[in-house]
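Taking it in order: structure first as structure tokens, then the write-up.
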Amino acid sequence: MTRSPRILLTGFDPFGGETVNPSWEAVSALHGRRVGGHRIVALQLPTEFAASLKALRRALRELRPAIVLGVGQAGGRSRLSLERVAINVNDARIPDNAGAQPVDEPVVVGGPAAYFSTLPIKAMLAALREEGLPAEISNTAGTYVCNHIAYAMAHYTARQRGVRTGFLHIPFLPNQAVSHAYAPSMSLDDVRRGLLVALRTAARVRTDARLAAGAIS
Ligand code: PCA
């Protein structure tokens with residue numbers, strides 16, 4: 001019996017004084033769902049540099065997913081942000097949930113400077129727009145726990161044939177934006193819909209679309 005290929009979909013627990021993290025709210029709702037012939041497995045990661053990496057490595061080993069998509073909150077962003085690249089630097093502006101605050105330390109000692117996402121981010125962008133959802137390509141995932149996890153998922157699967165990885169940053173939820181003046185927000189429903197559209201596209205598209213979506217600054 002062949003089991004359907006897995007999508008490992010990760011979200012984070014709340015950090016930085018928030019009581020929810022929209023990434024886990026959205027991701028947890030999709031656990032067990034089938035999309036594009038794949039089965040989604042949702043995993044919550046702690047917003048901690050050390051513990052998140054351990055949990056990710058264990059899940060990669062046990063699950064052997066075909067696709068890994070990390071999702072994280074990017075308060076202040078207005079769109080679903082498909083990350084193009086993850087870099088080998090941890091530089092934390094605030095301590096993580098375990099109190100660790102690395103400054104200019106590598107995610108993986110001796111690892112390459114960066115990894116590009118191997119998901120079809122341009123096709124995913126087009127599909128999200130088609131769905132009527134605001135989306136963008138982002139050229140930085142920051143230097144906090146999300147970038148750390150985006151880098152680590154690429155690094156630890158780099159030698160596994162056919163495994164594709166990427167990261168999506170999402171805005172605050174409306175009820176979080178209530179206490180952040182001028183911060184944009186997106187409803188949970190829209191984020192979930194976006195995740196399904198993005199994952200369906202990732203599962204189906206092998207050769208990415210050619211679509212200009214770069215940034216000048
Ligand atoms: N966002 C943080 C870490 C956890 C999360 O949801 C980040 O962007 O690094």
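Let me check I've understood the local charge: for GLN101, count other residues with C-beta under 13 angstrom from its C-beta, Lys and Arg +1, Asp and Glu -1. What total comes out?
Result for the local shell: -4.
Please compute the contact order of the chain in relative form: average sequence separation of alpha-carbon pairs under 8 Å and at least six residues apart, divided by the residue count, as a percent. Show your work: numbers first, answer last.
Numbers: 451 pairs, mean separation 58.4, N = 217.
Reported relative contact order: 27 percent.
Report the local net charge at PRO22: Lys and Arg +1, Asp and Glu -1, summed over other residues whose C-beta lies under 12 Å from its C-beta.
Surrounding charge for PRO22 is -3.
Tell me the label-point distance for the pair ARG200, SER28, using the 7 Å Cα-to-Cβ offset, in nm and rounded to one decimal.
In this crude label model, ARG200 to SER28 measures out at 2.6 nm.
Given the rule -39500 (n - 2.57) for each run of at least 4 DSSP H residues, summed and divided by the residues of the chain, what is its mean residue ellipticity at 222 nm, to the nearest 500 deg cm²/dmol?
Working: 6 runs with 66 residues, N = 217.
Rounded to the nearest 500, it is -9000 deg cm²/dmol.
Using +1 on the beta carbon of Lys and Arg, -1 on that of Asp and Glu, and nothing else charged, what's the dipole of the chain about the Cα centre, debye to 20? Present the calculation step by step, with values, prior to reporting the outcome.
Working: 25 positive and 16 negative charges, 255 e Å.
Using Cβ point charges on Lys, Arg, Asp and Glu, the chain gives about 1220 debye.
In terms of the ratio Rg/(2.2 N^0.38 Å) built on C-alpha atoms, what value belongs to the chain?
Relative to the rule-of-thumb radius for its length, the chain sits at 0.95.
Please compute the contact order of the range 84-125 in relative form: average sequence separation of alpha-carbon pairs under 8 Å and at least six residues apart, divided by the residue count, as a percent. Could the numbers behind the result be given before it?
Details: 42 pairs, mean separation 20.0, N = 42.
The normalised contact order for the range 84-125 reaches 48 percent.
Using +1 at the Cβ of each Lys and Arg and -1 at the Cβ of each Asp and Glu in the range 136-217, identify which of LEU173, VAL197, ALA209 lies farthest towards the dipole's positive end.
ALA209
Assuming R0 = 25 Å, what is the FRET efficiency of TYR182 and ALA209, from their Cβ-Cβ distance, to the nearest 0.05?
Between TYR182 and ALA209 the formula returns 0.15.
Return a whole-number percent for the relative contact order of the range 16-121, with Cα pairs under 8 Å and 6 or more residues apart as the contact set. Working shown, then result.
Values: 89 pairs, mean separation 24.9, N = 106.
Relative contact order here is 24 percent.
Toward the positive end of the charge dipole of the range 35-146, about the Cα centre and with charges on Cβ (Lys, Arg +1; Asp, Glu -1), which of SER138, PHE116, GLY36 goes farthest?
Value computed over the given set: GLY36.
Quick one: if the Förster radius is 30 Å, what FRET efficiency do SER217 and ARG61 give, using the C-beta to C-beta distance and rounding to 0.05?
0.15
Each value in this text was obtained by applying a stated rule to the coordinates, not by laboratory testing. These numbers were taken from a predicted model, which means no experiment stands behind them. Note: ideal-geometry Cβ built from the backbone for every residue, glycine included; neighbour counts use all protein chains shown.
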